[in-house]
1. So what is the relative contact order for the chain, in percent, with contacts set as C-alpha pairs under 8 Å and at least six apart?
2. Could you tell me which of I6, Y34, A55 has its Cα farthest along the dipole of the stretch 1-72 towards the positive end, charges placed at Cβ (Lys, Arg +1; Asp, Glu -1), taken about the Cα centre?
3. In debye, nearest 20: dipole of the stretch 111-193 around its Cα centre with unit charges on the Cβ of K, R (+) and D, E (-)?
4. What percent do you get for the relative contact order of the stretch 27-174 when only Cα pairs under 8 Å and 6+ apart count?
5. For the stretch 93-162, what is the convex hull (Cα atoms) projected area averaged across all directions, in square nanometres?
6. Would you kindly compute the Cα radius of gyration of the stretch 167-294 and its largest Cα-Cα separation (Dmax), both in Å?
7. Distance cut-off 24 Å, Cα to Cα: go down the list K116/K144; K218/K242; K17/K271 and report the pairs above it.
8. Taking H placed 1.01 Å from N in the peptide plane, check which residues at least 5 places from F284 or on another chain put their amide H under 5 Å from its amide H.
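Where a number appears in this text, it was derived from the coordinates with a stated rule and is not lab data. Just so it is clear, the model here is predicted, and its values are computed rather than measured. Positions of Cβ are backbone-derived with ideal geometry, glycine not excepted, and every protein chain shown enters the neighbour counts.
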Amino acid sequence: MKLFIIGNGFDKAHGLKCSYWAFGDFIQEHYPQYYSCLMAAFNNDSGIWGDFETALPRCGNELENVGLNMMEERLGEIDYTPTDDEGIRFWLKEQYVFFRNLPAILRDWVEHMCQKDVSPAYRPNVIDKDSLFLNFNYTRTLEKYYGIASDQICHIHGDVGNPEEILIMGHGSQKSIEYALQSLKSVEQDGAIVAIAIYQCVVDCLKLLFKDTGNIMKSHSEFFERLSDVDEVIVIGSSLSKADEPYFDMIERTTSAHWTFYYYNDDSAFKKFVESHRIAADRFSMVSDKEIKL
């Protein structure tokens, strides 16, 4: 049996504007106030849209820096009283609520994006309908344009066609959370109440934005149990981002399948993957996706 791993490049090939840059443009146009707050959370660095999920832990650093600077300014005031700390606490609360709104805006963007009709971008013999599909996209391009049955597809980060599902976008940096927890533990020992509130907010935000791949795979355990029969893995449109590596790792541990990586411009991420997993040369192929496009 074949397993297709479908990434963002798959939808891009069909003309959908589904890059992080497009997401940023959507927020700026439809949620300008939110966009301003978001950019402030990243110190106004527009470069975050190159790989938004990977950049997400940086908001914790900015939250820490701004919070500590506010605290030092308050403490430096001649007429400082502990009640002045309420302003910092209010600001911290706003930051947490702000990041909680991200999934709703993500869904709005995907729904807006899906209003566009597209045409198949790959040759008819490429997409085998009798296969399984691990789909990293939120859209239903596979179902709508290739006739793939829904029970053969795992929308690992959510399906926009299901209004009950929360679409998942997040970082994979457990280290950033561990650092924040260590910092929180340190200030708790010092008893600095405002500093404790600051680091607690950093921890909460980083945890909120964390893509917990382990629990995500558990929630889709029935699909992953079916992978024992897979003897061929075909990757289309994926850049193998850091946050999504655990899925690829699990598949390699579960199967002894042959891998075919179709890449757009750069195959370096896939080379690192096969090298780190010591996948023998006869068990993988790397092919330009130009070979399978219409």
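1. Rounded, it is 26 percent for the chain.
2. Most positive-ward Cα: I6.
3. Once rounded to the nearest 20, the dipole reads 320 debye.
4. 22
5. Averaged projected hull area, Cα only: 5.6 nm².
6. 19.6, 64
7. Details: K116/K144 12 Å; K218/K242 19 Å; K17/K271 27 Å.
Beyond 24 Å: K17/K271.
8. Those qualifying (amide H under 5 Å, at least 5 residues apart or on another chain) are W259.
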